[in-house]
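Quick notes on the structure that follows.
The values are calculated or read from the model by the stated rules, or taken from the named source; none is laboratory data. Everything numeric here is computed off the predicted structure, so don't read it as measured data. So basically every Cβ, Gly included, is an ideal-geometry build from the backbone, and we count neighbours across all protein chains shown. The accessibility values were calculated without ligands, DNA or RNA, using every heavy atom of the protein model including side chains. Shrake-Rupley method; radii C 1.70, N 1.55, O 1.52, S 1.80 Å.
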Amino acid sequence: MSDAKQPPEPRRLRVVRDARAAAVPSPCPAEGGDVRGAAGGEPKPGEGAARKGSGDGRPVPRQGRPAQARGGTGDRAGRVPPERGTGRPRAAGPRPQGSGRPAQKRKPAQGRPPAAKTPADGEARRGLGGGPARPLAVTGMVGAAWCVGLGLVVLTTVTLVGWIAAPRTGLGEGLPGVFRTAVNFWLVSHHAGFSVPSGRVGLLPLGLILLPGGLLYRSGGWVIRAAESRYRQRVGVVQVSLLLAAPYATFAVMLALIARTPALRPSPGEAFVACFSLAFVAGGLGAARALSASRGKVRSGVGALLRLLPDRPRSVVMGLLGAMAVLIASGALLIGSSLALHHREAGDVYALLAPGAVGGALLILVEIAYLPNAVIWGMAFAVGPGFSVGAGTSVSPTGVFLGALPSFPPLAALPQPGPAPLLSLLALLAPFAAGAVGGTLVVRAMPSTVPEAAPLWGFVSGVATGGVMFVLAALSGGPLGGGRMATMGPSPWQIGLLTALEVGLAAACAAWIANWWLLRDRPESERAERRRLKREAAAAPAVEEEPEPPAPAPRRPPNADPFAFVESEPILRRREP
């Protein structure tokens, strides 16, 4: 720009521009720039005139932004441009707070909404252990494979020790035969039966369920801890159970097909049902335990599982657990006392077998594995129907009818044929005691304000106990080949029906009494509280209450028209019904 003198600016335009310059403060200089105006330097020749604009009415660039942001019209060295309309450099200093136009947010591009990132997104992709979450299906398959492999390792080791100690005991020919035998033991541990040339074998030891059940329990907890946060809910427990049980049952079917021999034929269908059911129940319990423990401290696994249930189902389950505890204790007491009384007969059977050192150890393991079956048979004896040890036999409080028995030491604890011992009749009180305990626990967990509802919930807990006894009786018995040994154990439907009636009636009576006792103290305490309040009110000095001031008359609104006409209510109007 030349140094020629510019023509004078019109007065009106100068006044308007001076007002704008006063209203819009200047921005602070760029950080690190050369502020020549603050240092007393002079602007470049012609710079002030360029900032003022020409007198032909052309618009002046809007102030409030650095010159570089407007596309290169300002000084690239970072110097502060002069003030609008004066030609003098601006004073350096911080920009006052709240001055200028507020910063505007940048709008997102059309057709692509901004992605909302929250801290919960990272947490949802992490497991309970803090590591990255894995897909639930993959985690379930890994957990199932881990349970199958570890269970096979344990049972193969035990089978191999028995084969080395007694190679002619029918555990298999060579290492492939030993492996097939171990696979059959693994299927038996899930209560999956098999067939032999003489018939089907379904009387399987329930104690072996503890091995795969414990592994699946731990695996279910691991799967839900490694899953994403959206699976860590009550519905996620069901999903974890299904995705763990499905591959586990698939592996079981494959192993059942591998282990088939002409002499021993496991059923693939029964293996699938048994393994799927055990994996679903045990894995679900483990997942529920881990889910409840992640929400707070718990004292026991049962308490953690009960925390996931609503109040009323929790009270029914507590009554069920109490009744089952009494029945299990009664069955264990009957079996233990009978073994103590017949220990000599059991010793004679053991001497007759002469298993040796290693065989004796394996025989003891088998006896321990069948111990839960014996306890359930004792519970069936206490309920009333008893159990059978072969076709045409019966062991119950009404009498003992026996035939030829297998050479197995625990069977020596059976009473002699004839009338049942008088002391065994005391076992018939066990289901009623179980019902009393269960009904009391139902009411203690959640009392009912309606007196008629408490016996109903007590009876419901008794019916649930009968259902559990039905399942246990079905699992504890089964055929032992063909012939007269095809009937072994208690009758499931008889045990379930009588348990539901006996325990249910006792629980209903106990729940009614316990509920009445708990609610009896509440009216007494309420009446005592009312009497105490009356005595305090009578002992307190009388205080004269001051009359309340009259309510002020409604004021006329200040802007109301004093000459406004108000239409009065007509005297003769229609009477409303």
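Restricting Ala412, Ala433, Ala404, Ala391 to those that are closer than 23 Å to Met318 by Cα and among the small types (Gly, Ala, Ser) reduces the list to Ala433. For segment 176-204, the set of residues classified as among the β-branched types (Val, Ile, Thr) and crowded, with 20+ Cβ neighbours inside 10 Å consists of Thr181, Val183, Val188, listed by residue number. The residue that is farthest from Gly496 (Cα to Cα), among those in segment 342-367 that are open to solvent by 50 Å² or more (accessible area, probe 1.4 Å) and touching a helix residue (DSSP H, G or I) at 6+ places or on another chain (Cβ under 6 Å), is Val358.
Is it the case, given these coordinates, that Val437 is in a helix (DSSP H, G or I) and among the β-branched types (Val, Ile, Thr)? If you could, list the steps in order and put the result at the bottom.
Numbers: in a helix (DSSP H, G or I): yes; among the β-branched types (Val, Ile, Thr): yes.
Yes, satisfied.
On the given criteria, is Gly489 at positive phi and open to solvent by less than 50 Å² (accessible area, probe 1.4 Å)? Criteria met by Gly489.
Which residue, of Ser330, Ser337, is assigned to a helix (DSSP H, G or I) and free of Cβ contacts under 8 Å to residues at least 12 places away in the same chain? From the options Ser330, Ser337, the qualifying one is Ser337.
Per-residue answers, yes or no, for (1) farther than 30 Å from Leu456 by Cβ; (2) touching a strand residue (DSSP E or B) at 6+ places or on another chain (Cβ under 9 Å); (3) modelled with pLDDT of 70 or more; (4) aliphatic (A, V, I, L, M):
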| site | (1), (2), (3), (4) |
| --- | --- |
| Asp521 | no, no, no, no |
| Glu524 | no, no, no, no |
| Ala538 | yes, no, yes, yes |
| Pro541 | yes, no, no, no |
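Residue count for segment 442-456, restricted to those that are open to solvent by 60 Å² or more (accessible area, probe 1.4 Å), over 12 Å from Val316 (Cβ atoms) and not in a loop (DSSP other than H, G, I, E, B): 1. Residues that are crowded, with 18+ Cβ neighbours inside 10 Å and under 47 Å from the mean Cα position of the chain (by Cα) within segment 385-409 comprise Pro385, Gly386, Phe387, Ser388, Val389, Gly390, Thr393, Val395, Ser396, Pro397, Pro409, listed in sequence order. For segment 316-323, the criterion of being touching a Phe, Trp or Tyr at 6+ places or on another chain (Cβ under 7 Å) and under 30 Å from Ala508 (Cβ atoms) is met by at least one residue.
Specify which of the listed residues (Leu327, Leu320, Leu339) is touching a Pro at 6+ places or on another chain (Cβ under 8 Å), closer than 17 Å to Val463 by Cα and crowded, with 16+ Cβ neighbours inside 10 Å. Explain how you work it out, then say what you get.
Working: Leu320 fails: touching a Pro at 6+ places or on another chain (Cβ under 8 Å); Leu339 fails: closer than 17 Å to Val463 by Cα.
One residue alone meets the criteria, Leu327.
Answer yes or no as to whether Pro372 is assigned to a helix (DSSP H, G or I), buried (at least 19 other Cβ atoms within 10 Å of the Cβ) and in contact (Cβ under 8 Å) with a residue 12 or more places away in the chain.
Working: assigned to a helix (DSSP H, G or I): yes; buried (at least 19 other Cβ atoms within 10 Å of the Cβ): yes; in contact (Cβ under 8 Å) with a residue 12 or more places away in the chain: yes.
The answer is yes for Pro372.
Test Leu411 against the stated conditions and say whether it is within 19 Å of Gly477 (Cβ to Cβ) and assigned to a helix (DSSP H, G or I). When the stated conditions are applied, Leu411 passes them.
When you check Val468 against the structure, is it open to solvent by 40 Å² or more (accessible area, probe 1.4 Å) and assigned to a helix (DSSP H, G or I), yes or no? Please lay out each step first, then the result.
On the way: open to solvent by 40 Å² or more (accessible area, probe 1.4 Å): yes; assigned to a helix (DSSP H, G or I): yes.
The answer is yes for Val468.
Against the criterion of being over 23 Å from Ala486 (Cα atoms), modelled with pLDDT of 90 or more and either among the small types (Gly, Ala, Ser) or surrounded by fewer than 21 Cβ atoms within 10 Å (Cβ to Cβ) (or both), Gly207 does not qualify. Of the residues making up segment 343-367, those that are under 30 Å from Val383 (Cα atoms) and either of a type in the set (D, E, K, R) or more than 47 Å from the chain's Cα centre (by Cα) (or both) are Arg344, Glu345, Gly347, Val349, Glu367. Comparison of Gly127, Gly122 shows that the only residue that is modelled with pLDDT under 80, surrounded by 12 or more Cβ atoms within 10 Å (Cβ to Cβ), of a type outside the set (Val, Ile, Thr) and farther than 21 Å from Glu270 by Cβ is Gly127.
Reported count of residues in segment 295-317, each being open to solvent by less than 60 Å² (accessible area, probe 1.4 Å), part of a helix (DSSP H, G or I) and modelled with pLDDT under 85, is 5.
Could you tell me whether any residue of segment 242-264 is closer than 25 Å to Ala464 by Cβ, at pLDDT 90 or above and surrounded by 15 or more Cβ atoms within 10 Å (Cβ to Cβ)?
Filtering segment 242-264 for residues closer than 25 Å to Ala464 by Cβ gives 242, 245.
Remaining after also requiring at pLDDT 90 or above: 242, 245.
Okay, now just the ones that are also surrounded by 15 or more Cβ atoms within 10 Å (Cβ to Cβ), so 242, 245.
So far as segment 242-264 goes, yes, one or more of its residues are closer than 25 Å to Ala464 by Cβ, at pLDDT 90 or above and surrounded by 15 or more Cβ atoms within 10 Å (Cβ to Cβ).
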